[in-house]
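For reference, the structure discussed in these notes is given below.
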Amino acid sequence: VSDITALPWGRRYLMCPPTHFGVLYEINPWMHTEVAVDRDRAHGQWEGLMATLRAAGAEVVVVEPDDSVPDMVFTANAGVVNLRGEGPPQFVPSHFRFPERQGETEIFAAWFASQGFAVDRLRPELAHEGAGDALPFLGTLLSGYRFRSDQPAATELSRLIGAPVRSLELVDPRLYHVDITFCPLDDRRALCAPMGWDDYGRRVVEALVPEPLWLTDDEALTFCANSVVVGSTVVMPVTPPRVGRQLEAWGFDVVTCDVGEFLKAGGGCRCLTLSLDVDLETTTGPAP
Amino acid sequence: MPVVETFEVEGHIVDSLILAKVLDLVLEAGADYRMVAVDIGRTSVDPSRAVLEVTATDDAAIGRLTEQLRVHGANPVGTEDAVLALADQDGVLPAGFYSTTNLATEARIDGRWVAVANPEMDCGLVVERGRPPPEGPTVRTVPMHRVRAGDEVVVGNDGVRVRAPEKPRGVSTFEFMDSEVSSEKPKALLVRNLADRMRMARDTGGRTLAVCGPAVVHTGGAPEVARLVRSGWVHVLFAGNGFAAHDLESNALGTSLGVSVAEGAPTDGGHSNHLRVINEVRRHGSITAAVEAGYVDGGVMFECVTRDVPFVLAGSIRDDGPLPDVITDVVAAADRMRELVGGVAVALMLATTLHAIATGNILPAAVETYCVDINQAVVTKLADRGSHQAHGIVTDVGPFLRQLADELGA
């Protein structure tokens, strides 16, 4: 019998078709420009992910791609969304560490503004890569820093969105965003890849997550934490057998969705989606 | 010397264990901290803030620690960036420019302390941003006449710090001697210590600069300087028209200002000897050409030419001739001297006032300077003008140089 209390978010996603996607530069250890992306295949996989999310009950909204920024397909890095209860929804655009992606900021800011979001900005000197480095769990944002985001950005983000933020130092360049090391499953459980964090970060997660599913290093490096959760369905880029069995034992439906062309750029299912229904005000936080 | 820097860290630093990590990093680096202030947020949304005073062994240690702590959001406080203004005219610094000392200096640019590449007194500080991270911006001293319109120049005193030269550990002869310049010092010991410093400099790749006045030739010291050049103890030479002319005169004609260097007696018509020598060198076109033509076969200038030791001869208004190598534009001469002082670790100021002061003005304080003069006033004058790294040796330069060359086995 399932005891899942589904996450209050993750039913509405923003995606961007991979029309201009390719590995055109190298800004993480997975990217190798000599590895060609099969664009037709990428399209097929992206369509497959969208269909899987819709089949799981999610709504998917599509943003027009821009040929100047091939990584725009990874919408998770667009920024941080906060619905703020009944108030006007809020969007904090990312400040990308690498110049190759900095063009995405204004494209996404303009799109969110056109959708009625209030666009609040971080100080320009602070790097932060949006939901890629900020995942909500029990009303708290877990924010990664070091490779792509600056630690002080977490403080400013907390001020802007009015929610507590806990910083996790990322220590393995292969796991360069927090959403490759952490995936909230429901209100008690999360996939956790401790190899990506320092000792302090591990203690922070231990204190926050009542029932973590600790991933081994090999499991973590499959990108299985870069998954999308829609209610009780977990959409995974790769499903290590032990992880799949544990998720099913808890009552989740596990769907493996091949996004291999995107893994060539260091992105999985989560990276290809941005949850548009995160509301940090209506979810209750943990006891301080 | 321990260095203290205050850091501030803000945010959800308690729940995120950032504060614990920062404090651990301080201790792991061998530094210590004192909590100056801690404000813990009331709710889980309120940020907390901690201010800590960190004490590290030296500046390099605090620099490394600052880089580490910055990653975790802990930044130095109470220090502002240097204020910059654009020079609006070639050769003119912005009003209120920071006037440099010759001490090791750092300017705070974009939140980090940048060491000034070439400390020199009485200059401006120009920031160059050409290089990308991690090298970042550089800061160099620029004399007023070399500033260019559009240069970014530090104005005011904010965001600039200087450091007094570190005293070597233990009591050295020169340390106790620094208290006063006196003729009543044990010369043999001083010579031995200077020779040790020159050996130490040479072993560590440092160069020795000799600045010579004409009295070096008159007192019979020129052959000793020539020995030092020939055996690789002097790597750069600064002098004026007089020193070079008398050195050449003593080698071409055996006299210095007409007086026989060997016998000490005035020679017939000797008063014009130096003019005749200058005239002949002018006929050759340069000292190098005169040496190559065999006009002189010894002496300091001969050794400099044959051993490729660079020299600068700076002119003055009372010069005879002058020799063709003399740079008569004093601003150009000082610029040429600046080009040659890089890498100099020891400077010998030998029986010269004006050239010693001019050289002292362009040397960083870290260069050990030895001022040798029979006149105590010259030695104290150099020290009074701000070259406080100068060690004074009051003695007759000729015998002194002989002892030094012997001590070095030149």
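Read-outs: derived from the displayed coordinates by stated rules, not from any lab. Keep in mind that what you see is a predicted model, and the values were worked out from it rather than measured. Here the Cβ positions follow ideal geometry from the backbone for every residue, glycine too, while neighbour counts run over all protein chains shown.
Annotation for the stretch A:95-173 versus the stretch A:1-67: alpha-carbon center distance of 19 Å.
Loop-located GluC sites (Glu not before Pro) across the stretch A:2-85 with a Cβ neighbour count of 11 or fewer within 10 Å are A:34, with loop assigned by DSSP.
Sorting B:369, B:55 from the fewest to the most surrounding beta carbons within 10 angstrom yields B:55, B:369.
Residue by residue, the stretch B:17-22 carries 3J(HN,Hα) couplings of 6, 5, 4, 4, 5, 4 Hz when phi is fed to the Karplus relation 6.51 cos²θ - 1.76 cosθ + 1.60 (θ = phi - 60°); x denotes Gly or Pro. Ordering A:90, B:142, B:306 by the projection of their Cα atoms onto the charge dipole of the protein assembly as shown, which places +1 on the Cβ of Lys and Arg and -1 on the Cβ of Asp and Glu, puts B:306 at the extreme positive end.
Above 15 Å, the calculated P(r) of the stretch B:323-369 contains 47 percent of its Cα-Cα pairs.
The relative contact order of chain A comes to 26 percent, based on Cα pairs under 8 Å that sit 6 or more residues apart. Placing +1 on each Lys and Arg Cβ and -1 on each Asp and Glu Cβ, with no other charges, gives the stretch B:1-106 a dipole about its Cα centre of roughly 280 debye. A straight line joining the Cα centroids of the stretch B:344-382 and the stretch B:276-317 runs 24 Å.
Judged by the ratio a/c of the largest to the smallest principal axis of the C-alpha gyration tensor, the stretch A:154-288 counts as rounded, that ratio being less than 1.5.
Net charge dipole, the protein assembly as shown: roughly 900 debye, given to the nearest 20, about the Cα centre with Cβ charges of +1 for Lys and Arg and -1 for Asp and Glu. Between amide H atoms placed 1.01 Å from N, distances below 5 Å from residue A:191 occur with A:183, A:185, A:213, all of them 5 or more places distant or on a separate chain. Each of A:169, B:10, B:28 was scored by other Cβ atoms within 10 Å of its Cβ. Listed from fewest to most, they are B:28, B:10, A:169. Helices in the protein assembly as shown, meaning DSSP H runs of at least 4 residues, each add -39500 (n - 2.57). Divided by all residues, the mean residue ellipticity at 222 nm is -8500 deg cm²/dmol. For residue B:102, nonlocal amide neighbours, meaning residues 5 or more places apart or on other chains whose placed amide H falls under 5 Å from its own, are B:121.
Each DSSP beta bridge with both residues in the protein assembly as shown is either parallel or antiparallel, and the antiparallel ones are about 60%. Each of B:380, B:352, B:340 was scored by the projection of its Cα onto the charge dipole of the stretch B:293-410, and the greatest displacement toward the positive side belongs to B:380; charges sit on the C-beta of Lys, Arg, Asp and Glu.
A simple rule links phi to the HN-Hα coupling: the Karplus curve 6.51 cos²θ - 1.76 cosθ + 1.60 with θ = phi - 60°, which for the stretch B:50-60 gives 10, 10, 10, 9, 9, 10, 10, 5, 8, 5, 4 Hz, with x for Gly and Pro. Close amide H contacts of residue B:158 (hydrogens built in the peptide plane, cut-off under 5 Å, sequence separation of 5 or more or a different chain): B:83. Computed as a quarter of the hull surface, the mean projected area of the alpha carbon convex hull for chain B stands at 24.4 nm². Centre-to-centre separation between the Cα atoms of the stretch B:194-262 and those of the stretch B:64-109: 41 Å.
Of the lysine pairs in the protein assembly as shown, how many meet both conditions: Cα atoms under 23 Å apart, and a spacing of 8 or more in sequence or different chains?
Summing the qualifying lysine pairs gives 5.
Here the Karplus curve 6.51 cos²θ - 1.76 cosθ + 1.60, taken at θ = phi - 60°, turns the phi angles of the stretch B:120-129 into couplings of 8, 7, 6, 10, x, 10, 10, 9, 10, 10 Hz, with x standing for Gly and Pro.
Between rounded, prolate and oblate, where does the protein assembly as shown land on the alpha carbon gyration tensor, with a ≥ b ≥ c its root eigenvalues, rounded for a/c under 1.5, else prolate if a/b exceeds b/c? It comes out prolate by the Cα gyration axes. Panel order for B:325, B:196, by other beta carbons found within 10 Å of each beta carbon, from fewest to most: B:196, B:325. Think of each Lys and Arg Cβ as +1 and each Asp and Glu Cβ as -1; about the Cα centre, that makes the dipole of the stretch A:147-288 roughly 100 debye.
Quick one: grab the alpha carbon gyration tensor of chain A, order the square roots of its eigenvalues as a ≥ b ≥ c, and give me rounded if a/c is under 1.5, else prolate or oblate depending on whether a/b is larger than b/c. Judged from the Cα gyration tensor, chain A comes out rounded (a/c under 1.5). With both residues required to sit in chain B, DSSP beta bridges show an antiparallel share near 60%. In the stretch B:235-370, the DSSP beta bridges split such that about 25 percent are antiparallel, to the nearest 5. Ranking B:54, B:13, B:2 by how far each Cα lies toward the positive end of the dipole of the stretch B:1-61 (charges on Cβ) leaves B:13 at the top.
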